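Chemist: Just dropping this structure here.
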Number of protein chains: 2
Amino acid sequence: MPSPSTTIRPRSAAEIGNWDYEADVVVAGYGVAGAAAAVEAARAGADVLVLERTGGWGGAAALAGGFLYLGGGTPIQKACGFEDSAENMHAFLRAAMGPGADENRLADYCTNSVEHFEWLVGCGVPFKPSFYGEPGWEPPGDDGLMYTGGENAYPFTRIATPAPRGHVPQMLDKRTGEKGGGYMLMKPLVDTAASLGVRSAYDMRVQCLVIEADGRVVGVVAKQYGKEVTVRARRGVVLATGSFAYNEEMVAQYAPRINGRPAASVEEHDGQAIRMAQALGADLAHMDATEVAIFVDPQLIVRGILVNGRGQRYVAEDTYPGRVGQLTLYQQDNEAFLVIDAEAHEEAMGRPSATPELLRPPTWVCESVAELEHEMGLPSGSLQATVAAYNDGAARGEDALLHKKPEWLRPIGSPIGAIDLRGHTGGFTLGGLRTTLDAEVVHVSGEPIPGLFAAGRSTFGLAAWGYASGISLGDSSFYGRRAGRSAAKG
Amino acid sequence: MPSPSTTIRPRSAAEIGNWDYEADVVVAGYGVAGAAAAVEAARAGADVLVLERTGGWGGAAALAGGFLYLGGGTPIQKACGFEDSAENMHAFLRAAMGPGADENRLADYCTNSVEHFEWLVGCGVPFKPSFYGEPGWEPPGDDGLMYTGGENAYPFTRIATPAPRGHVPQMLDKRTGEKGGGYMLMKPLVDTAASLGVRSAYDMRVQCLVIEADGRVVGVVAKQYGKEVTVRARRGVVLATGSFAYNEEMVAQYAPRINGRPAASVEEHDGQAIRMAQALGADLAHMDATEVAIFVDPQLIVRGILVNGRGQRYVAEDTYPGRVGQLTLYQQDNEAFLVIDAEAHEEAMGRPSATPELLRPPTWVCESVAELEHEMGLPSGSLQATVAAYNDGAARGEDALLHKKPEWLRPIGSPIGAIDLRGHTGGFTLGGLRTTLDAEVVHVSGEPIPGLFAAGRSTFGLAAWGYASGISLGDSSFYGRRAGRSAAKG
């Protein structure tokens, strides 16, 4: 029955005689969006089958640090002494996720964020009510809460009351175990799904969607161990196969700045679900948006000054390092240098860090700023003026230019060094299928495609341009649940 | 026969009894891409019908300044004393149109640029062999050649030998007539098409494509005077209806930074052709790319210094003003100020300009830089350091930071003013349907969609991110020809 060559084009249900598999709801991809969808579809009474391309569940989520961006007054925020509200969270995200972020989606997410936290806890995801306040990409231990979006740094301090919203599931001891926060998110979700009778099939690569004559999606064609199999979805199909960060052609078409530099992604993130749905006329959104990491430890960043290729500062160094990454890649042509004196460098090296491999040595070390400027190849006088202005303010405890917090201001002395960060960024794509708040995939006509739902990084999410760590696992699990519920309704 | 509600979804040819119109090649849109397609399809022996939504031909092209970006040694370049080659042109475009510009497309365009110039001349488009060397958006008179991409400014001077490539058709006297370069491009093309027997129908809004059971495009459905009509295309359909700059929803999804600020566009640029083809599974590319104008005369820009919201310079002020616009919108959060002293301002006001309405007065005037910095609300010390460094170099004829050419360097004196340019940008979208070099529309499967061709701003073009004036009329006419030839082959 399967034709020898599968393509991404939809197959007609009329051509399919016997289905190899059947379920009410078929979920493609067993990462966090797929797991959340499976749980909710099963709870709604659907018989659920998850198709996973690799040999096991987890996806990119299980390998991630595990942050979920949640707020509005979660029990963890309260236990750690932070006040927050849905409105305050929305005000921050409006400023930090745009331009172009979807107001309705942000409001939806913020309003229901505490409920989503409770849902995760109800599935068995453990959160420890302890706050980690050091600069870093993630906590080195098992603390459950951290600033992960620059909420407590300029300019966002002027827009919303700072509250940390990076919630990380309590991990096993990293020094002895191998399981991080992402695993501790995925394991309970998959266990919950299994306890609800969710079935899963591995080594299943989805190829194309199957549609009725009226356009309704009623199944998928997949390849299992190289052989084509057909999977009937009696109520709906949920696409949750991740981003297109590893599809070089799509990256070149849509997000060329991260070409050749995928990060925090898995190779399976090849955009397949996006392509399959586009072949049905599905619409896209925010395809140029990407998360961007900069590969240096925030313990160093905060103690130095970041300058661009013109020797100018451009970002408060005590902000979220992902914001530093985005501003570097998109606004500074991927050219950045961290200027830091020997004393501050040494101090940073002695601080706790979850990413000690990013505590990097200086590329250059000189006795004077003039000498360093010359060694770095910066325009004559540029770095000298920048350091002079910074030091002048730092001596008074002020950063008039970028408002780094006084606790991090200290004049830069000698010997002075710099870490070359040119090209030291990478990231994953944030754009994808356009969906409704009920996770229905939207056709370019503006109408939902019957029977087709999606969540996770194969869809556009909360971030249209900016980012905060935890947004992806956050909106993927949140809208994964919606997708499962919607698909179960059929 | 027509159903009461038309949608963007493809219609089946089997449902259509009698076609209201028929031709070998049906072209949607009578702007520059459509006109070029019509001419070449007719020359290839096809019976051609052009459907235009408005009451007459012209599109955005007829209202434009009329630049065509051409080079590699055109007769106009040679007559004006400039050397150029396809390789040199390619080297410039590679640096200026990216990141993400398509190497093969750039090579194709550069290699065939002189031939394309000859083709335009052969259609009767007049070019005067005279060079306009003043800063400006376009020549105030009828000069035929100008720098329109920053080829003669940093950083491109270090990448390719400067050559002007903005070719503008010789216009009627602007002071007496109303017809600019764009009209003088369109009129001869439309006359040529008419002489070849090309038919046209007006007030025809294309609604959706018509396909055979095998997916081949065989026609379009349009609305004419509010009534649905069907148009059969025996060999092929060419989509050439322009950009999506006026489709607010699409702009929000794909290019949110220009939301609410369309420029150099017509209201008909609503993305209809893109949507119609997406509904068939057509792929897209570079949807976030936009041209960006900054609304101030280059005679002013070049005589001052541009600073961002941190009081820092970020672009050589003697470059192409569209580059200033792009860097301002994308890299400086749409915050820019032009700092200029009274003497330079007065001098600029007395210079020739094609856009005298952009010779704007200063927003603030002060006696000292410190006072101006305060009035502008810039960080304390920031503008003072910037002006001091600029003046120091200018006194020596050097701009170490951005390499503005010595002829434009003069210390900024007192009284000193600034023009507030925050938010003073606008533009049009450069992304669209993905096409082959033969202007076939590409399905997400990677295969061309049979019978469907496209050119102009409903397709992605040469510019993936950067821009130069003339790129749009250039690649629209160039690939419009390809579309016409490909469609005539069927």
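Chemist: All but one of (1) away from chain B (no Cβ under 14 Å); (2) open to solvent by less than 10 Å² (accessible area, probe 1.4 Å) hold for A:HIS443, so report the exception by its number.
Modeler: With respect to (1) away from chain B (no Cβ under 14 Å); (2) open to solvent by less than 10 Å² (accessible area, probe 1.4 Å), A:HIS443 is out only on (1).
Chemist: Give A:THR363, A:THR328 a once-over and let me know the one that is open to solvent by less than 20 Å² (accessible area, probe 1.4 Å) and of a type in the set (Ser, Thr, Tyr).
Modeler: A:THR328
Chemist: In the set A:VAL339, A:VAL307, which member is of a type in the set (Val, Ile, Thr) and away from chain B (no Cβ under 14 Å)?
Modeler: Selected residue: A:VAL339, the only one of A:VAL339, A:VAL307 that is of a type in the set (Val, Ile, Thr) and away from chain B (no Cβ under 14 Å).
Here is a yes/no grid of residues against (1) closer than 29 Å to A:GLU40 by Cβ; (2) open to solvent by less than 10 Å² (accessible area, probe 1.4 Å); (3) not aliphatic (A, V, I, L, M):
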position	(1), (2), (3)
A:GLU134	no, no, yes
A:GLU138	yes, no, yes
A:GLY144	yes, yes, yes
A:THR161	no, no, yes
A:MET171	yes, no, no
A:PRO188	yes, no, yes
A:ALA194	yes, no, no
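So that you can scan it fast, the table gives a plain yes or no per residue for (1) open to solvent by 10 Å² or more (accessible area, probe 1.4 Å); (2) touching a residue at least 12 places away in the same chain (Cβ under 8 Å); (3) polar (S, T, N, Q):
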site	(1), (2), (3)
A:ALA282	no, yes, no
A:LEU306	no, yes, no
A:HIS345	yes, yes, no
A:GLU357	yes, no, no
A:LEU378	yes, yes, no
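Chemist: Among the residues in segment A:292-302, are any open to solvent by 10 Å² or more (accessible area, probe 1.4 Å), among the acidic types (Asp, Glu) and not in a strand (DSSP E or B)?
Modeler: Within segment A:292-302, none of the residues are open to solvent by 10 Å² or more (accessible area, probe 1.4 Å), among the acidic types (Asp, Glu) and not in a strand (DSSP E or B).
Chemist: Still on this structure: Checking the condition in contact with a Leu (Cβ under 6 Å, 6 or more places away or on another chain), within 30 Å of B:VAL206 (Cβ to Cβ), at pLDDT below 95 and not charged (D, E, K, R), which residue from B:GLY100, B:GLY59, B:GLY66 passes?
Modeler: Answer to the check: B:GLY66.
Chemist: Within segment B:113-127, which residues are surrounded by fewer than 18 Cβ atoms within 10 Å (Cβ to Cβ) and assigned to a loop (DSSP other than H, G, I, E, B)?
Modeler: The answer is B:GLY124, B:PRO126.
Chemist: For a quick check of your reading of the model, give me the residue pairs whose first member lies in segment A:181-210 and is closer than 21 Å to A:GLY474 by Cβ, whose second is of a type in the set (Ser, Thr, Tyr), with beta-carbon atoms closer than 6 Å and at least 6 apart or on different chains.
Modeler: none
Chemist: Determine which member of the set A:GLU373, A:GLU357 is within 16 Å of A:GLY304 (Cα to Cα) and not in a strand (DSSP E or B).
Modeler: Going through A:GLU373, A:GLU357 in turn, the sole match is A:GLU373.
Quick grid of which residues meet (1) assigned to a helix (DSSP H, G or I); (2) at the interface with chain A (Cβ under 9 Å from one of its Cβ atoms); (3) touching an Asp or Glu at 6+ places or on another chain (Cβ under 6 Å); (4) open to solvent by less than 20 Å² (accessible area, probe 1.4 Å):
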position: B:ALA385; (1), (2), (3), (4): yes, yes, no, no
position: B:ALA389; (1), (2), (3), (4): yes, yes, no, no
position: B:ASP392; (1), (2), (3), (4): yes, yes, no, no
position: B:LEU401; (1), (2), (3), (4): no, yes, no, no
position: B:LYS404; (1), (2), (3), (4): no, no, yes, yes
position: B:PRO411; (1), (2), (3), (4): no, no, no, no
position: B:SER414; (1), (2), (3), (4): no, no, yes, no
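Chemist: Quick check: is even one residue across segment B:422-430 of a type in the set (Phe, Trp, Tyr), under 30 Å from B:GLU317 (Cα atoms) and not in a loop (DSSP other than H, G, I, E, B)?
Modeler: For segment B:422-430, residues of a type in the set (Phe, Trp, Tyr), under 30 Å from B:GLU317 (Cα atoms) and not in a loop (DSSP other than H, G, I, E, B): absent.
Chemist: Right, next: Inside segment A:249-287, can you point out the residues that are more than 8 Å from chain B (Cβ to nearest Cβ) and in a helix (DSSP H, G or I)?
Modeler: Result: A:GLU249, A:MET250, A:VAL251, A:ILE258, A:GLN272, A:ALA273, A:ILE274, A:MET276, A:ALA277.
Chemist: Output the residues belonging to segment A:63-107 that are in a helix (DSSP H, G or I), under 30 Å from A:ARG43 (Cβ atoms) and open to solvent by less than 20 Å² (accessible area, probe 1.4 Å).
Modeler: A:ILE76, A:GLN77, A:MET89, A:LEU93, A:ARG105, A:LEU106
Chemist: Which one is nearest to the other protein chains (Cβ to nearest Cβ), of the residues in segment A:214-239 that are of a type in the set (Gly, Ala, Ser) and open to solvent by 10 Å² or more (accessible area, probe 1.4 Å)?
Modeler: Looking at the filtered set, the residue picked out is A:GLY215.
The values are calculated or read from the model by the stated rules, or taken from the named source; none is laboratory data. All of these numbers come straight from a predicted model, not from anything done at the bench. Heads up, the Cβs are rebuilt from the backbone with ideal geometry, glycines too, and the neighbour counts pull from every protein chain shown. Protein only, heavy atoms only, side chains kept; ligands, DNA and RNA dropped before computing areas. Shrake-Rupley method; radii C 1.70, N 1.55, O 1.52, S 1.80 Å.
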